[in-house]
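Here's the structure, in structure tokens; my notes come after.
The values are calculated or read from the model by the stated rules, or taken from the named source; none is laboratory data. Remember, it's a predicted structure, so these values are computed and weren't measured experimentally. Every residue, glycine as well, gets a Cβ built from its backbone with ideal geometry; the counts of neighbours run over all protein chains shown. The accessibility values were calculated without ligands, DNA or RNA, using every heavy atom of the protein model including side chains. Shrake-Rupley method; radii C 1.70, N 1.55, O 1.52, S 1.80 Å.
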Amino acid sequence: DQQVKQNSPSLSVQEGRISILNCDYTNSMFDYFLWYKKYPAEGPTFLISISSIKDKNEDGRFTVFLNKSAKHLSLHIVPSQPGDSAVYFCAASHRDDKIIFGKGTRLHILP
Amino acid sequence: EPEVTQTPSHQVTQMGQEVILRCVPISNHLYFYWYRQILGQKVEFLVSFYNNEISEKSEIFDDQFSVERPDGSNFTLKIRSTKLEDSAMYFCASSEAYGEQNTGELFFGEGSRLTVL
């Protein structure tokens with residue numbers, strides 16, 4: 001039962017261009033969404049989050065967009081840099097419930 | 001910057017043996033978690049722990065698993081009678097708050113890779 005889905009296992013983007021990572025969810029009760037970034041041999045690190053009362057949250061090069069009606073969120077990275085190459089996990093939670101992670105999308109930034 | 005530390009980084013064990021994975025959460029955090037990631041699969045929630053007791057656990061966290069906070073700093077995951085399918089990366093995490101107060105920011109350790117032969 002995949003409540004959080006990341007349908008693209010990998011994505012390659014040219015350095016300097018925009019990276020767009022997508023995520024879909026099925027549970028309409030989710031009210032908080034997060035993106036985590038993971039380098040090899042390291043634990044996931046928190047990147048950016050968004051509450052369900054918003055549709056956009058921006059932090060530097062990272063912007064998360066939330067479309068509640070479509071149960072879809074996306075992470076935009078612009079401009080993409082070599083250090084952005086990592087696995088990105090979409091995650092969601094509802095109030096006191098645990099955080100549910102997607103399977104992750106591996107982002108390759110090409111020189 | 002404070003961080004969550006985990007030991008060992010890699011453990012190889014024979015099927016049927018007991019394994020203890022150790023974690024030192026960030027010192028002022030009150031909520032502790034174990035997640036695991038089987039190779040090529042998603043990060044899965046195992047258990048959350050608060051005030052010296054389990055607050056939530058997943059279907060994966062059956063009687064084979066237990067958690068403990070034996071002192072003021074360590075948080076351990078014990079896997080009894082390991083099975084081949086227990087091979088995974090196990091991540092410990094901690095947070096300051098939970099639920100409505102939670103910013104959602106979990107701080108993860110680097111993980112302990114468990115290989116069951």
Assess whether B:S66 counts as being more than 11 Å from every other protein chain (Cβ to nearest Cβ), open to solvent by 10 Å² or more (accessible area, probe 1.4 Å) and farther than 15 Å from B:S95 by Cα.
-> yes
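Take the residues in region B:69-78 that are in contact (Cβ under 8 Å) with a residue 12 or more places away in the chain and surrounded by fewer than 20 Cβ atoms within 10 Å (Cβ to Cβ); name whichever of them is farthest from B:N51 (Cα to Cα). Explain how you work it out, then say what you get.
Within region B:69-78, the first condition is being in contact (Cβ under 8 Å) with a residue 12 or more places away in the chain, and the residues that meet it are B:69, B:73-78.
Applying the additional criterion that residues be surrounded by fewer than 20 Cβ atoms within 10 Å (Cβ to Cβ) yields B:69, B:73-74, B:76, B:78.
Working: B:R69: 10, B:S73: 13, B:N74: 13, B:T76: 15, B:K78: 19 Å.
Taking the candidates together, the pick is B:K78.
Looking only at residues that are without any contact (Cβ under 8 Å) to a residue 24 or more places away in the chain and assigned to a strand (DSSP E or B) in region A:39-55, which one is farthest from A:A70 (Cα to Cα)? Reasoning before the result, please.
Our first condition is that a residue be without any contact (Cβ under 8 Å) to a residue 24 or more places away in the chain; within region A:39-55, this holds for A:40-43, A:45-46, A:49-55.
Applying the additional criterion that residues be assigned to a strand (DSSP E or B) yields A:45-46, A:49-51.
Numbers: A:T45: 27, A:F46: 24, A:S49: 18, A:I50: 16, A:S51: 15 Å.
Checking each candidate, the answer is A:T45.
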Find all pairs meeting these conditions: Cβ atoms under 6 angstrom apart; at least six residues apart or on different chains; first residue within region A:60-74 and in a strand (DSSP E or B); second residue of a type in the set (D, E, K, R).
-> A:F65/A:K56; A:L66/A:D55; A:H72/A:D24
Quick one: how many residues across region A:43-64 are of a type outside the set (D, E, K, R) and farther than 20 Å from A:S28 by Cα?
-> 9
Can you find a residue in region B:10-20 that is under 13 Å from the mean Cα position of the chain (by Cα), open to solvent by less than 60 Å² (accessible area, probe 1.4 Å) and at pLDDT 95 or above?
-> yes
May I ask you to verify whether B:F32 is part of a strand (DSSP E or B) and at pLDDT 90 or above?
-> yes
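Would you be able to tell me the number of residues in region B:79-89 that are open to solvent by 50 Å² or more (accessible area, probe 1.4 Å) and closer than 17 Å to B:L39 by Cα?
Narrowing region B:79-89 to residues open to solvent by 50 Å² or more (accessible area, probe 1.4 Å): B:80-81, B:83-85.
The next check asks that each one be closer than 17 Å to B:L39 by Cα; those that pass are B:83-85.
Of the residues in that region, 3 qualify.
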Across region A:75-111, what is the total count of residues that are within 12 Å of chain B (Cβ to nearest Cβ), open to solvent by 40 Å² or more (accessible area, probe 1.4 Å) and either in a loop (DSSP other than H, G, I, E, B) or free of Cβ contacts under 8 Å to residues at least 40 places away in the same chain (or both)?
-> 6
Report, by residue number, each residue of region A:25-74 that is open to solvent by 50 Å² or more (accessible area, probe 1.4 Å), closer than 19 Å to A:R106 by Cβ, of a type in the set (D, E, K, R) and within 14 Å of chain B (Cβ to nearest Cβ).
-> A:E42
Which residue pairs have Cβ atoms under 7 Å apart, sit 6 or more places apart or on different chains, and have a first residue in region A:14-38 that is over 18 Å from A:D55 (Cβ atoms) and a second that is among the aromatic types (F, W, Y)?
-> A:Y36/A:F46; A:Y36/A:F89; A:K37/A:Y88; A:K38/A:F89
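Among the residues of region B:26-63, which ones are charged (D, E, K, R) and more than 12 Å from every other protein chain (Cβ to nearest Cβ)? Working first, answer last.
Looking only at region B:26-63, we keep the residues that are charged (D, E, K, R), and these are B:36, B:42, B:44, B:53, B:56-57, B:59, B:62-63.
Selection gives B:E53, B:D62, B:D63.
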With the condition kept exactly as written, say whether any residue in region B:76-84 is within 14 Å of another protein chain (Cβ to nearest Cβ) and in a strand (DSSP E or B).
-> no
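Every residue, every condition in (1) under 28 Å from A:A92 (Cα atoms); (2) among the β-branched types (V, I, T); (3) in a strand (DSSP E or B), yes or no:
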site	(1), (2), (3)
B:Q17	no, no, no
B:R36	yes, no, yes
B:Q41	yes, no, no
B:F49	yes, no, yes
B:I60	yes, yes, no
B:S73	no, no, no
